[in-house]
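Taking it in order: structure first as structure tokens, then the write-up.
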Amino acid sequence: MLGAAVLWGTTGTARALAPPGASPEAVGAVRLLVGGIALLSLASATGALRRGGTWPRAALVVAAVGMAAYQPLFFSAVARTGVAVGTAVAIGCGPVLAGAVAWVALGERPGARWAVATALAVAGTTLLVLGGRRAPSDPIGVGLAAGAGLAYATYAVASKRLLRARPPLAVA
């Protein structure tokens, strides 16, 4: 878990340290390729791909589209707003949107804790985006970051269905 948290925290830095002129799509594609090969190798070596039932196709497609959409949205947001704002907005709105997506897609009604956490996330993200005395962040970039949060939330909710049929490493 610690390793995953450290790697998740470097997504904005990956864009910032990419070669000059690298498009957000290229950075995201390389990130998916390297991570995908590593996870596929690990899942294959441990036998995780052979365990479990059949893959729920609809959930698999939705999860794949969500993860694929996240990459260009997130890296485009970081290019427009900077690492701090792009990352904070994407990560901050992810859980809020995951609750909303789960409510719509699965009928899972969020509880009071989710509502309080959502209010705090919205307030904190609003303060971050407005930037104190500075000019507000690029609104298109903020929208792209929110889109990345929605894409990741969609991936997470679809993965919940996949995890009922397959081991976690295979789903990842």
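Quick look at the numbers
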| quantity | calculated |
| --- | --- |
| DSSP-loop trypsin sites (Lys or Arg not before Pro) across region 43-93, with at most 10 other Cβ within 10 angstrom | ARG50 |
| Percent carbon-and-sulfur accessible area, the chain, ignoring ligands, DNA and RNA, probe 1.4 Å | 72 |
| The chain: angle of helix 57-81 to the longest principal axis, Cα-based, in degrees nearest 10 | 30 |
| Degrees between helix 24-46 axis and first principal axis of the chain (Cα, 0 to 90, nearest 10) | 30 |
| Efficiency of FRET between ALA64 and ILE37 - r from beta-carbon atoms, R0 22 angstrom, step 0.05 | 0.90 |
| HN-Hα J in Hz across region 98-105 - Karplus 6.51, -1.76, 1.60, θ = phi - 60°, x for Gly and Pro | 4, x, 5, 5, 5, 5, 6, 7 |
| Projected label distance in nm at GLU108 and ALA22, using a 7 Å step from Cα toward the beta-carbon | 3.4 |
| Accessible area in square angstrom per residue, the chain, 1.4 angstrom probe | 57 |
| Tensor-based shape of region 69-131 (alpha-carbon gyration tensor, a/c under 1.5 rounded, otherwise prolate or oblate) | oblate |
| 222 nm mean residue ellipticity, helices alone, for the chain (DSSP H n ≥ 4; -39,500 (n - 2.57); rounded to 500) | -26000 deg cm²/dmol |
| The chain, relative contact order in percent, only Cα pairs under 8 angstrom and at least six apart counted | 36 |
| C-alpha long axis of helix 139-162 to longest principal axis of the chain, angle in ° | 20 |
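The values are calculated or read from the model by the stated rules, or taken from the named source; none is laboratory data. Keep in mind the model is a prediction, meaning the values are calculated, not measured. Quick reminder, even Gly has a Cβ in these numbers, built from the backbone with ideal geometry, and neighbours come from all protein chains shown. Ligands, DNA and RNA are excluded from the accessible area calculation, which covers all protein heavy atoms including side chains. Shrake-Rupley method; radii C 1.70, N 1.55, O 1.52, S 1.80 Å.
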